[in-house]
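Here the structure comes first, spelled out in structure tokens, and everything after it is commentary.
The values are calculated or read from the model by the stated rules, or taken from the named source; none is laboratory data. Since the model is a prediction, treat every value here as computed from it, not as a measurement. We place every Cβ from the backbone using ideal geometry, glycine too, and count neighbours over all the protein chains shown.
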Amino acid sequence: MLVILAKERALAASTKTVLITLHVLVDLPAEADGVNSDLLHEVSIQLEDAVGQIDSPFTPKWSGTEVAVLDPSTMNCGRCKGCGCWASDRDKPEFLGGLNVGAVVDGDLLCDECLPLDHPRAF
């Protein structure tokens with residue numbers, strides 16, 4: 001046991017751990033049970049398996065899954081009026097960093113690519 005701990009400490013001293021965050025939007029049927037959906041569970045399993053298949057000398061390891069059902073009536077998110085992608089208003093509280101950056105112009109939520117070119121959040 002002490003040998004294993006010594007090897008882990010040596011590895012930790014010679015490496016840096018990097019957290020890579022991947023956001024995946026999944027459209028479930030309206031009647032699906034949100035975060036408890038069997039379909040969503042299956043997608044999570046496949047994503048975990050995909051991480052295990054990455055061919056890299058750095059050995060990526062699955063760390064966890066966070067699931068949120070997007071609800072524009074209670075969350076800072078909505079569909080872009082221009083292109084329909086999901087976006088979050090960067091200038092409002094509780095910005096959802098996993099979505100496209102957006103802003104409200106003339107009452108409509110627009111993503112950074114659909115914002116007018118002179119808007120400070122335009123891409």
Check: With respect to the numbered conditions (1) at pLDDT 95 or above; (2) in the same structural domain as ASN36 (by TED's automatic domain parsing), which one is the sole condition not fulfilled by GLY107?
Finding: (2)
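If I filter segment 78-89 for residues that are of a type in the set (Asp, Glu) and surrounded by 14 or more Cβ atoms within 10 Å (Cβ to Cβ), do I get at least one hit? Please lay out each step first, then the result.
From segment 78-89, those of a type in the set (Asp, Glu) are 89; that's our starting set.
Cutting the leftovers down to surrounded by 14 or more Cβ atoms within 10 Å (Cβ to Cβ) gives us 89.
Scanning segment 78-89, I find at least one residue that is of a type in the set (Asp, Glu) and surrounded by 14 or more Cβ atoms within 10 Å (Cβ to Cβ), so the answer is yes.
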Check: Which residues, counting only those in segment 99-120, are surrounded by fewer than 16 Cβ atoms within 10 Å (Cβ to Cβ) and part of a loop (DSSP other than H, G, I, E, B)?
Finding: ASP106, GLY107, GLU113, PRO116, LEU117, ASP118, HIS119, PRO120
Item checked: Test: CYS111 is farther than 24 Å from ILE20 by Cα and hydrophobic (A, V, I, L, M, F, W, C) -> no
Item checked: Criterion violated by LEU25 - all others in (1) loosely packed, with under 12 Cβ neighbours inside 10 Å; (2) in contact with a strand residue (DSSP E or B) (Cβ under 8 Å, 6 or more places away or on another chain); (3) not in a loop (DSSP other than H, G, I, E, B) satisfied -> (3)
